[in-house]
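Please read the structure below before turning to the comments.
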Protein chains: 2
Amino acid sequence: MSSAPAPRFDVLGIGNAIVDVLAPVEEAFITKHDMRKGSMTLIDAARAEAIYAAMPPAQETSGGSAANTCAAAAGLGARAAYFGRVADDQLGAVFRHDIAAGGVQFATPPLVGGAPTARSMILVTPDGERTMNTYLGACVAFTVAQVDEAIVADSAVTYLEGYLYDDAAAQAAFVHAAATAHKAGRKVALSLSDSFCVDRHRSAFRDLVRHHVDILFANDAEITALYECNDFADAVAHARAEVALVAITRGADGSLALRGAETVEIPAEPTRVVDTTGAGDVYAAGFLAALTAGRGLAACAKLGGIAAAEIIGHYGARLQRDLRGELAALG
Amino acid sequence: MSSAPAPRFDVLGIGNAIVDVLAPVEEAFITKHDMRKGSMTLIDAARAEAIYAAMPPAQETSGGSAANTCAAAAGLGARAAYFGRVADDQLGAVFRHDIAAGGVQFATPPLVGGAPTARSMILVTPDGERTMNTYLGACVAFTVAQVDEAIVADSAVTYLEGYLYDDAAAQAAFVHAAATAHKAGRKVALSLSDSFCVDRHRSAFRDLVRHHVDILFANDAEITALYECNDFADAVAHARAEVALVAITRGADGSLALRGAETVEIPAEPTRVVDTTGAGDVYAAGFLAALTAGRGLAACAKLGGIAAAEIIGHYGARLQRDLRGELAALG
């Protein structure tokens, strides 16, 4: 992807290291507990306790947006590394086990004696939509000190999740990682994560995208929020003018990839919608796994769609099927 | 079910309170790590670390044999309570949340400052068979002191899991609970749990069955192990002579229920086998939910089979579908 020496990693993810606590609920649960359906809301420890007490029996799996991307990228055959902060507690051990067992290098030391490992209570309604309530815990202890520059310099793409912008120290770490990547001749990718997150940090995101980002991932709500456009086509035009490569997911309408004058539209893979948790994360994984393997835009968007369809068909945001052969199968 | 006053609970389960750590593996994983496929093996902390380090990314759900039975019984509309010991750690909180959120009364205080909450690493092979490696942790601190006699006396059936026989203190608690139940005019049920567990404690189990048990749950391997019979029919005859009510599960061949001279055979419900974890536990739940509702043997075996089919169709040992209407639907 550049004239720098061949990198050791294809994708390095930086994000909030979170354990998902996932349960099916009826629509009424979302309304009763005053949640914003389909979005991610940050909650404090007291609210986390209250929601957990009210929610049905759950299953725990490792999550975190960029971590999901890294795990899926490794599951698709890419070489992946991850930075994120867990605590030295049982849920932290679960997170560490799962990402490492999936083949992702994860060496960020745990936080000792501070807040517990982050968890996100994810309520899945019968339509497959997920509503996330995240207690960040140890994640807020992620700072510039946790950015291992040697690994950034040795990764083809450093992938940053927009959710990090909810914390000032993580924001600084983020900009530092981007600068380090570019100095080493590498690329920087950003996922906008959530339209409400974009609303909270619009001007910072606009600066970041303009000055530091080579590859932008967003869905239609996020891209229109970023450019404050009512019209999707206007937002796309803005993004195309500012970023070298843009990939936009559109749910059941598939995805759109733009690079300079080039535009590729790929329909969604057929699937039964069980739980959309992680769909955007693993789309980015498929896209980047193909891109760093030297594939064209259509193959990137196609592999993203295949990975997203797998994740949507079951509970949880980590791949359950072996998709290692999918990239080669694209021809 | 007796002349005692109407009980507050239909089913009280007593067992090892365990969090399941569940992952799919190939057959080769079982062989390489020297495991006995299809059985439950007790492991120490060091072996638990080694297996966890080697196993793929996993999902965590609450488990424990009698706990699965109680959770499923509640999910089928029965009133359930549970005794078992977790630690005051994150996995203990997960276990407590899940069983309580499922509608089971669970008031056993956690172990403080001792071993961590038990976990069972469950490896599921492509044939749906599960191989369990259990680190008992805080479970071994379950003693007579954790047997709340008032709740035992107020439960129609006290249901004991055979796995408890791997610990001497739990064995004593078990006999005490059985005596308390009978003194109050209630029934005592036992699950044989695992044929190797039966082999380890055969004479103790034989005494227990003869002197303390009204309702016996077993599969074909366990019942032949208990009576050291090569012939299934011989083992069944032994059991019928010793226990008032016997229910035997036979995998794809359905189940068999015996009460005095009465015999009922019920075929298995059609289902796709994904993961057999908890199949016997939830069969017992369906059986007891129907029995304590005053239903006949055929309805008991049928509801057991319906619940088992639900659990076998997905990963994990807790019901995912709402089966509250199934008992009434049996007519």
Residue within segment A:137-154 that is without any contact (Cβ under 8 Å) to a residue 40 or more places away in the chain, touching a His at 6+ places or on another chain (Cβ under 8 Å), away from chain B (no Cβ under 14 Å) and not aromatic (Phe, Trp, Tyr) present: yes
Residue count for segment B:167-183, restricted to those that are in contact with a strand residue (DSSP E or B) (Cβ under 6 Å, 6 or more places away or on another chain) and not aromatic (Phe, Trp, Tyr): 3
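Give me a count of the residues in segment B:114-127 that are over 12 Å from residue B:17 (Cα atoms), away from every other protein chain (no Cβ under 14 Å) and either crowded, with 17+ Cβ neighbours inside 10 Å or without any contact (Cβ under 8 Å) to a residue 12 or more places away in the chain (or both).
Quick first cut of segment B:114-127, residues over 12 Å from residue B:17 (Cα atoms) only: B:114-115, B:121-127.
Those still in the list that are away from every other protein chain (no Cβ under 14 Å) too: B:114, B:125, B:127.
Still in the running and either crowded, with 17+ Cβ neighbours inside 10 Å or without any contact (Cβ under 8 Å) to a residue 12 or more places away in the chain (or both): B:125.
Number of matching residues: 1.
Looking at B:28, B:58, can you tell me which residue is more than 15 Å from the chain's Cα centre (by Cα), within 14 Å of chain A (Cβ to nearest Cβ) and either among the aliphatic types (A, V, I, L, M) or under 20 Å from residue B:147 (Cβ atoms) (or both)?
On the way: B:28 fails: within 14 Å of chain A (Cβ to nearest Cβ).
Checking each option against the conditions leaves just B:58.
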Those residues of segment A:306-331 which are in a loop (DSSP other than H, G, I, E, B) and in contact (Cβ under 8 Å) with a residue 60 or more places away in the chain, in sequence order: A:315, A:316, A:317, A:318, A:319, A:322, A:323, A:324
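Which members of segment A:276-305 meet the condition of being in a helix (DSSP H, G or I) and of a type outside the set (Gly, Ala, Ser)? Reasoning before the result, please.
So in segment A:276-305, the residues in a helix (DSSP H, G or I) come out as A:279-292, A:297-305.
A:281, A:282, A:283, A:287, A:288, A:291, A:292, A:297, A:300, A:302, A:303, listed by residue number.
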Top-ranked residue in segment A:144-203 [being in a strand (DSSP E or B) and either of a type in the set (A, V, I, L, M, F, W, C) or on the phi > 0 side of the Ramachandran plot (or both); ranked as surrounded by the most Cβ atoms within 10 Å (Cβ to Cβ)]: A:160
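Could you list all residues from segment B:86-101 that are of a type in the set (D, E, K, R) and facing chain A (nearest Cβ under 7 Å)?
Looking only at segment B:86-101, we keep the residues that are of a type in the set (D, E, K, R), and these are B:88-89, B:96, B:98.
Passing the criteria: B:89, B:98.
Listed here are the residues, each with its yes/no results for (1) surrounded by fewer than 24 Cβ atoms within 10 Å (Cβ to Cβ); (2) in a loop (DSSP other than H, G, I, E, B); (3) touching a strand residue (DSSP E or B) at 6+ places or on another chain (Cβ under 8 Å).
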| position | (1), (2), (3) |
| --- | --- |
| A:60 | no, no, yes |
| A:67 | no, no, yes |
| A:70 | no, no, yes |
| A:73 | no, no, yes |
| A:95 | no, no, yes |
| A:98 | no, no, yes |
| A:105 | yes, no, yes |
| A:108 | yes, yes, yes |
Checking residue A:288 against (1) in contact with a Phe, Trp or Tyr (Cβ under 8 Å, 6 or more places away or on another chain); (2) within 30 Å of residue B:320 (Cβ to Cβ), the condition it does not meet: (2)
Members of segment A:75-93 that are in contact with a strand residue (DSSP E or B) (Cβ under 6 Å, 6 or more places away or on another chain) and more than 21 Å from residue A:190 (Cα to Cα): A:87, A:91
Test: residue in segment B:38-50 that is within 14 Å of another protein chain (Cβ to nearest Cβ), farther than 17 Å from residue B:129 by Cβ and crowded, with 18+ Cβ neighbours inside 10 Å: yes
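Computed from the coordinates by the stated procedures, all read-outs in this text should not be read as laboratory data. The structure displayed is predicted, hence computed values, not measured ones. Reconstructed Cβ throughout: ideal geometry from the backbone, glycine too, with neighbour counts over all protein chains shown.
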